[in-house]
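*Asks:* Before anything else, here's the structure in question.
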Amino acid sequence: AAASRRLVRERDALLEDLKNQNAKLETSLARLHTAYGQQRQQEATLASDLRQSQRVQRKLLPAAFPSLDGFELFGYFGPCERLGGDFFGVVPLEDGRLAVYLVDVAGHGVSAAMITIILRELLQPRRQLQARNEILGAPDKALAFLNHALLEEAFNPPILVTMIYAVIDAKKSTLTVASAGHPPPMVVQGPSSVRPIIVSGTVLGLENSGTFATATLALHPGDAVLLYTDGVSEARYDGGREFTPGQLGAALAAQHGKSAATVGRALEAGLRQHLGAHGPADDMTFIVISRSLVPATGAGEGEKNTGSRPPMPESVRVVLPVTRSESQTTARGGISGGWSAATCVIDLTGLATWQVAPAFRRLIATAETGGTGPIRIELRDCQSLDSTMLGLLYQ
């Protein structure tokens, strides 16, 4: 009878202790669910901010290229993340010429995207203060100007930018190009004639004494020039092979004589076929400049400035990465614990994810300090374990 009463007292004490432990666990779980809800709200806010940032960055790109007698342009922007470090644009010049630029900021994502805004601001307001033909009409002077402007900002660490800057002269049917550490443009002047335009120049933001060489070439009807970032010539997915410059040249040669939009869409299709179902590891951006097979009509007196010309339809294509919304589930993970004799039993139910990890750690710590027996993890009613819980179980 005395032994029985002792067992009853021990049982009641254990039940009371288990009740207290369960109450503490319920409090902890409530706090975890509250924290999880706050985190989901923060994630929703961040997603909204990213969508707004995408819209802002989209505004950095021209909605369409202005028309230019005898020439066609097509631009493609495909960031690998929600925000990219590439962008392009045009500067209409007063004598009917058109400057085209393509920029690649080191890195990608949010930080690189913020730098693209700074660079565009360096270009746009300044052109109102500087003589367009004197600086922005000369590719080498334009790059030198941007290099000094970047260095004057005194970023720490310094921001490095590669850039290609070209000026189209429709009257002379020429293209003048300068490069700042950028992949060399490719010119297609026949079905089997593809070559790089070799122009040298230092990366922007590196040194004050940077020099930039220029090259001028005549474009005949059917010829095309490709300005591109290294995300195109080195397109790959994680663990995949590169889309080499040789493949790039072959893809361009096959499109000789076709419109800029046709060349651009064929190149996009080739890149997508190369990547397959994978997303690119870097931003992919390019511009196609082609000399039209249709003779130039000539500009009217009111159309000498290319800024007054109508835009080319469907001349800019933006392809944002596919975003998949997280699947919603009503199932939630649960955790409870207690002792059976000298054995600590921890029961995981439902979706055992990182949300229950803190309670799991506390139960383990309690079992290790307050008991001498084994620890039993019950997974009978557990649907799945995420990497956090698997790591804790392994430990």
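*Asks:* Just order 62-69, 227-234 by mean Cβ neighbour count inside 10 Å, highest at the front, would you?
*Replies:* Those peptides, ordered most packed to least, come out 227-234, 62-69.
*Asks:* Same structure, new question: Check cross-link reach from residue 172 to the aspartates and glutamates: straight Cα distance under 20 Å, and skip same-chain residues fewer than eight apart.
*Replies:* Within the straight-line limit of under 20 Å, residue 172 reaches these aspartates and glutamates: 69, 72, 94, 95, 134, 140, 223, 301, 303.
*Asks:* Sorted by packing (mean other beta-carbon atoms within 10 Å per residue), highest first, where do 155-162, 70-77 land?
*Replies:* 70-77, 155-162
*Asks:* Cα centroid distance between region 205-258 and region 330-381, in Å?
*Replies:* When both Cα centres are located, 59 Å separates them.
*Asks:* Could you rank the peptides 167-180, 11-24, 140-153 by their average count of other C-beta atoms within 10 Å per residue, with the highest value first?
*Replies:* Packing order, densest peptide first, comes out as 167-180, 140-153, 11-24.
*Asks:* Something else: I'd like the FRET efficiency for residue 26 and residue 211, computed as 1/(1 + (r/R0)^6) with the beta carbon distance as r and R0 of 56 Å, rounded to 0.05.
*Replies:* Calculated transfer efficiency: 0.20.
*Asks:* Now, a different point. How charged is the neighbourhood of residue 19? Take every other residue with its Cβ under 13 Å from the Cβ of residue 19, and add Lys/Arg as +1 and Asp/Glu as -1.
*Replies:* -2
*Asks:* Shifting gears a bit: Rounded if a/c is under 1.5, else prolate if a/b beats b/c, else oblate: with a ≥ b ≥ c from the C-alpha gyration tensor eigenvalues square-rooted, which is region 190-268?
*Replies:* oblate
Here, each number is a calculation from the coordinates, and none is a lab measurement. The structure displayed is predicted, hence computed values, not measured ones. Note that we place each Cβ from the backbone using ideal geometry, even for glycine, and neighbour counts take in every protein chain shown.
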